[in-house]
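Asker: If you scroll down you'll find the structure; I have some questions about it.
The values are calculated or read from the model by the stated rules, or taken from the named source; none is laboratory data. The shown structure was predicted, so the numbers you read here are calculated from the model rather than taken from an experiment. Methodologically, a virtual Cβ is constructed for each residue, glycine included, from the backbone with ideal geometry; neighbour enumeration extends over all protein chains shown. SASA here: full protein model, heavy atoms, side chains in, ligands and nucleic acids out. Shrake-Rupley method; radii C 1.70, N 1.55, O 1.52, S 1.80 Å.
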Amino acid sequence: MIAAKLMSTVSVTVSTPPIISEFTMLPSPAYAIVATTFYWQVSDADGDTLTCELDIDADGTNDYTIDDCANMASQGHTYATSGNYTARLTVSDGISEVQTTLSSLEIVSPLLVDVSVNGPAVAGGRVPYTITVSNVSAQPMDDVSVVYTVPAELSFGYASDAEPNAAGCGGVTACANGEEAKWALDTLAAGESRTITINAPVLQGVLAGNLITAPVRVTADDDEVIDIINVSKTTAVEN
């Protein structure tokens, strides 16, 4: 008796994983409340249609799903607040998937602050400062204010040594060491800039070689973003 041989055929599909050749964000750094765009280049050796999922803050939840992402190779997004983020891109061909991340994405404030000082300083003279605050976003920024902390080497008359005048320091005419002069800029329109000029007297007893450091703090309290920006400028005394 001859034993019969049974044979069966099993079809096995071998899938090559997708390839992510590029994943970027532009502009970089980007501004909070201003649209930025993620770009990628993905491919599949088997010609499968690819689906991309984008997690814009790597919190484990995909924020966008992009079908046929080999051809739809970008996705816009607007971050609500400034900070450092990590974004994750997951690409699937329906059988296997690959991931890549963008780390330390810098999202900066939509308010730009420039502080300049015309030095060096001389005891008994004056130190001219210029503070410029700009809104680079596409929408108004509300409740913008500027705070200038008076250095120990200066005296600052809030009604005479600045344009525009500042709010007072404890009800006196001049601000002394560590006191704060304030300007309420209120709302900055999209693209608007405001400039404050300060021409503060240097105290007579300040010695040559001293460094005068003036801290400036800019804040904005908006429905979508709260920003605090600290800038300081230092100038030397050369009598």
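Asker: Would you confirm whether any residue within the range 160-175 is farther than 18 Å from Thr130 by Cα, among the aliphatic types (A, V, I, L, M) and assigned to a loop (DSSP other than H, G, I, E, B)?
Answerer: Scanning the range 160-175 turns up no residue that is farther than 18 Å from Thr130 by Cα, among the aliphatic types (A, V, I, L, M) and assigned to a loop (DSSP other than H, G, I, E, B).
Asker: Sticking with this structure for a sec: Of all residues in the range 51-73, how many are open to solvent by 40 Å² or more (accessible area, probe 1.4 Å), at positive phi and either part of a strand (DSSP E or B) or at pLDDT below 95 (or both)?
Answerer: 1
Asker: Kindly establish whether Thr213 is closer than 20 Å to Leu111 by Cβ, hydroxyl-bearing (Ser, Thr, Tyr) and not in a loop (DSSP other than H, G, I, E, B).
Answerer: So Thr213 does not fit the description; no.
Asker: Have a look at Ala152, Ala184 and point out the one that is modelled with pLDDT of 90 or more, more than 24 Å from Ala35 (Cα to Cα) and open to solvent by 70 Å² or more (accessible area, probe 1.4 Å).
Answerer: Ala184
Asker: I would also like to ask the following. Would you check which residues across the range 187-217 are at negative phi, loosely packed, with under 15 Cβ neighbours inside 10 Å and small (Gly, Ala, Ser) and list them?
Answerer: The answer is Ala189, Ala190, Ser193, Gly205, Ala208.
Asker: Would you check if Ile198 is under 30 Å from the mean Cα position of the chain (by Cα), modelled with pLDDT of 90 or more and assigned to a strand (DSSP E or B)?
Answerer: Yes.
Asker: Only residues that are closer than 15 Å to Asp55 by Cα, over 14 Å from the mean Cα position of the chain (by Cα) and surrounded by 15 or more Cβ atoms within 10 Å (Cβ to Cβ): list them for the range 74-96, please.
Answerer: Gln75, His77, Ala87, Arg88, Leu89, Thr90, Val91, Ser92
Asker: Does the range 121-139 hold any residues that are touching a Ser or Thr at 6+ places or on another chain (Cβ under 6 Å) and surrounded by fewer than 18 Cβ atoms within 10 Å (Cβ to Cβ), and which are they?
Answerer: Thr130, Thr132, Ser134
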